[in-house]
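To start, the structure itself, in structure tokens.
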Amino acid sequence: MKSRFQKIAIASAVSAALAGVSMPSQAIITGIAGEGLLVPLTIWDSGRNNLNTLIEIEVPASIGWEDAANIYTAPNTTPTNADLSMGFDKDVFPPVVVNGNTRNVNKIHWFIFNSRSGHERNDDAPVTPDDVVQLNFHDMLPDSWADGVPFYTVITNEIGYKKAGKENAQFSMFGDAWLVNDNGFAAEIPVLPLADAADTTTFPVWGDHIIYASNGIPADVSPLASGNLSNYADGVLGQFSVFDIPLSTGTALTYHVFWLDLNRNSVADVEVYDTDERSCSDYVPLPDELNIICIDPNPGNDDYWCDADSGRTIDELVLPADFAMPLCKPNGGDGNGGFIQYQLTEAFDRGSQTAESADVAFAIINRTIGTELQNSFVTDTALARYRGVYKSK
């Protein structure tokens, strides 16, 4: 066993001690209402068969007694009743008539950020109860300089922008997103719900996952209730989160996408496993808030298959990658896939005894499963398998 992974093996010995700290631990949660939404990857790339991102937002007229939303991701706006007021001053946004029914009006506000957390663009869209808003990323960011550049998107209530985070959110929302191209490729992007209370700190906290700057632009975002927790806030640096992300089968490329809640400028230690438990150790750089890794199935070959000049077809090179990684290959590996186990050391620890940092990780993979009768799927999404936060020696 490689020495840097020995502390994972001894983690169970300290589990009783960890139980005394009051903090949640969870994998990625989607499909529940939030007062804001995080879309961890949004991109338009004309050179990859017009690769694009489509986002759909539903604003429910009411949310009932649903614990995850009521307590964790939309505590300021749920539960609500069927005559949802949407919160805004009726003199500013008078009700409208939709299909013969009177509907109160508010707005969502979306913000686009680059991979280093820099704000690029923002705008709003009106919403009414039980409304659906569909956003085409190419339309949201049509400038030619953005072609082929990965971004991420945060969607909030308009009140957050107008009041620079000084008031609670006024309504909740659901979100979905997809990567698509002209050749029929489609893969889901996880959309994470966020709570948005009036800011009382300069960093995200439990119950308030979006912190605004004085100009109304989100300055700090963390999916503390819906993402993979990445620190253990006991006041001692050195704890680490561990998560496994699937690999593609055989000679197919794998993309691993990481959205971190800050620019870490860090390196993750990894262990590469095949389907027969054989492994080898390597590392992956994760310098930015948004990182895309193309994993080369052909290690040791100077002609990296992740590169555009490698002769791979444009359909195989689905995403532009920050790094093309010819990772190690376990001796005797069977080529049937497997996974990469990532170990990421916490970046900070304020000692709050609760959640302080959370990330998002997922893969776009190709898989063939079976022997005599094989079945395959091409370029689909697989979420990280989150093992939790471990305490170091």
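The values are calculated or read from the model by the stated rules, or taken from the named source; none is laboratory data. Source: prediction; values computed, not measured. Neighbour counts are summed over all protein chains in view; Cβ atoms, including those assigned to glycine, are modelled from backbone coordinates with ideal geometry.
Residues that are under 25 Å from G118 (Cβ atoms), out of contact with any Leu (no Cβ under 6 Å at 6 or more places or on another chain) and not aromatic (F, W, Y) do occur in region 236-256, at least one of them. Would you say V127 is touching a residue at least 24 places away in the same chain (Cβ under 8 Å) and either more than 24 Å from I189 (Cβ to Cβ) or in contact with a Phe, Trp or Tyr (Cβ under 8 Å, 6 or more places away or on another chain) (or both)? Yes: the conditions hold for V127.
Within region 257-293, the set of residues being in a strand (DSSP E or B), buried (at least 22 other Cβ atoms within 10 Å of the Cβ) and under 17 Å from the mean Cα position of the chain (by Cα) comprises V257, F258, W259, L286, L290, N291, I293. D130 meets the conditions (1) more than 18 Å from the chain's Cα centre (by Cα); (2) surrounded by 18 or more Cβ atoms within 10 Å (Cβ to Cβ) in every case but one. The failed one is (2).
Inside region 191-201, residues that are closer than 19 Å to D131 by Cβ and not in a strand (DSSP E or B) make up a count of 2.
Scanning region 217-235 for residues that are in contact with a strand residue (DSSP E or B) (Cβ under 9 Å, 6 or more places away or on another chain) and surrounded by fewer than 20 Cβ atoms within 10 Å (Cβ to Cβ) yields a count of 3. When N231 is tested against (1) modelled with pLDDT under 95; (2) part of a strand (DSSP E or B), exactly one condition is not met: (2).
Are any of the residues in region 132-142 in the same structural domain as T42 (by TED's automatic domain parsing) and at positive phi? For region 132-142, residues in the same structural domain as T42 (by TED's automatic domain parsing) and at positive phi: absent. Residue count for region 335-357 under the criterion of being over 19 Å from the mean Cα position of the chain (by Cα) and of a type in the set (V, I, T): the result is 1.
Within region 205-216, the residues that satisfy the criterion of being part of a loop (DSSP other than H, G, I, E, B) and surrounded by fewer than 24 Cβ atoms within 10 Å (Cβ to Cβ) are W206, G207, A213, S214, N215, G216. The strands (runs of 3 or more DSSP E) falling completely within region 88-190 that include 3 or more residues that are at pLDDT 90 or above map to 106-114, 119-127, 131-136, 151-157, 174-180, 186-189. (1) of a type outside the set (S, T, N, Q); (2) at pLDDT below 70; (3) crowded, with 20+ Cβ neighbours inside 10 Å: which one isn't true of V59, the others all being true? If we test V59 against (1) of a type outside the set (S, T, N, Q); (2) at pLDDT below 70; (3) crowded, with 20+ Cβ neighbours inside 10 Å, just (2) comes out false. Checking every residue in region 370-379 against the condition of being in a loop (DSSP other than H, G, I, E, B), in contact with a strand residue (DSSP E or B) (Cβ under 7 Å, 6 or more places away or on another chain) and either of a type in the set (S, T, Y) or at pLDDT 80 or above (or both) gives zero matches.
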